[in-house]
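Step one of this worksheet: look at the structure below.
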Amino acid sequence: MTLEDAEVYIQANLQSAARSVIAIGYYLKCVRDGGLYQEAGFDNINEYAAARFGFSRSNTKRYIDRCIKFSSGGNSPVLDDRYKDFSRSQLQEMLDLDQEQLEQVTPDM
């Protein structure tokens, strides 16, 4: 394996991780919005996500928030094309940016 090969694989997996974060947030949002956590005997999405997946309350919120802000249409398991080249950690850092600031951010920042 060459360094170039390794970098290509790392970049591909970073992009895959970003897509997965959006999908996880979408499905948590579905569980929350549909009250589906009650079917498993939980009082809220935070208790459910903690018991089932080990997520803290803030982790659960960040997953859902990333879905709302960065998914296609704001309510989809699919990462919006505008953000396809950003990593999972970049999306996290971008959560607090407003729309004008988001338009100025590039993946190489």
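Taking the criterion of being closer than 23 Å to LEU91 by Cα, open to solvent by 60 Å² or more (accessible area, probe 1.4 Å) and modelled with pLDDT under 95, would at least one residue in region 23-36 satisfy it? No: zero hits. Against the test of being over 20 Å from MET109 (Cα atoms), among the basic types (Lys, Arg) and under 15 Å from the mean Cα position of the chain (by Cα), the options ARG52, ARG62, ARG32 yield a single qualifying residue, ARG62. Inspect all residues belonging to region 39-54 and state whether any of them is modelled with pLDDT under 95 and touching a Leu at 6+ places or on another chain (Cβ under 7 Å). No; the residues of region 39-54 include none that is modelled with pLDDT under 95 and touching a Leu at 6+ places or on another chain (Cβ under 7 Å).
Using the structure shown, decide if GLN11 is open to solvent by 80 Å² or more (accessible area, probe 1.4 Å) and part of a helix (DSSP H, G or I). Working first, answer last.
Working: open to solvent by 80 Å² or more (accessible area, probe 1.4 Å): yes; part of a helix (DSSP H, G or I): yes.
In short, yes.
Considering (1) surrounded by fewer than 18 Cβ atoms within 10 Å (Cβ to Cβ); (2) part of a loop (DSSP other than H, G, I, E, B); (3) not basic (Lys, Arg), the lone condition that PHE55 does not fulfil carries the number (1).
Can you tell me how many residues in region 90-109 are within 12 Å of VAL21 (Cα to Cα) and either surrounded by fewer than 13 Cβ atoms within 10 Å (Cβ to Cβ) or not aliphatic (A, V, I, L, M) (or both)?
Restricting attention to region 90-109, the residues satisfying the condition of being within 12 Å of VAL21 (Cα to Cα) are 90-92.
Among the residues that remain, those that are also either surrounded by fewer than 13 Cβ atoms within 10 Å (Cβ to Cβ) or not aliphatic (A, V, I, L, M) (or both) are: 90, 92.
Residues meeting the conditions: 2.
If the Cβ limit is 8 Å and pairs must be 6+ apart or interchain, which residue in region 30-56 that is at negative phi pairs with which residue that is assigned to a helix (DSSP H, G or I) and acidic (Asp, Glu)? Once the first residue is at negative phi and sits in region 30-56, its partners that are assigned to a helix (DSSP H, G or I) and acidic (Asp, Glu) give TYR37/GLU47. Among residues of region 81-109 that are farther than 19 Å from GLU7 by Cα, those with a Cβ under 7 angstrom from a residue that is aromatic (Phe, Trp, Tyr) and open to solvent by less than 60 Å² (accessible area, probe 1.4 Å), sequence gap 6+ or separate chain, pair up as TYR83/PHE70; LEU91/PHE70; LEU91/TYR83.
Check whether at least one residue in region 81-89 is farther than 15 Å from GLN15 by Cβ, modelled with pLDDT of 90 or more and open to solvent by 60 Å² or more (accessible area, probe 1.4 Å), and report yes or no.
First pass over region 81-89, keeping only residues farther than 15 Å from GLN15 by Cβ: none.
No, region 81-89 contains no residue that is farther than 15 Å from GLN15 by Cβ, modelled with pLDDT of 90 or more and open to solvent by 60 Å² or more (accessible area, probe 1.4 Å).
The values are calculated or read from the model by the stated rules, or taken from the named source; none is laboratory data. The structure presented is a predicted model; accordingly, all values stated were derived computationally and were not measured. FYI the Cβ positions are ideal-geometry reconstructions off the backbone, even for glycines, and counts take in every protein chain you see. Side chains are part of the model used for accessible areas, which takes the heavy atoms of the whole protein and leaves out ligands, DNA and RNA. Shrake-Rupley method; radii C 1.70, N 1.55, O 1.52, S 1.80 Å.
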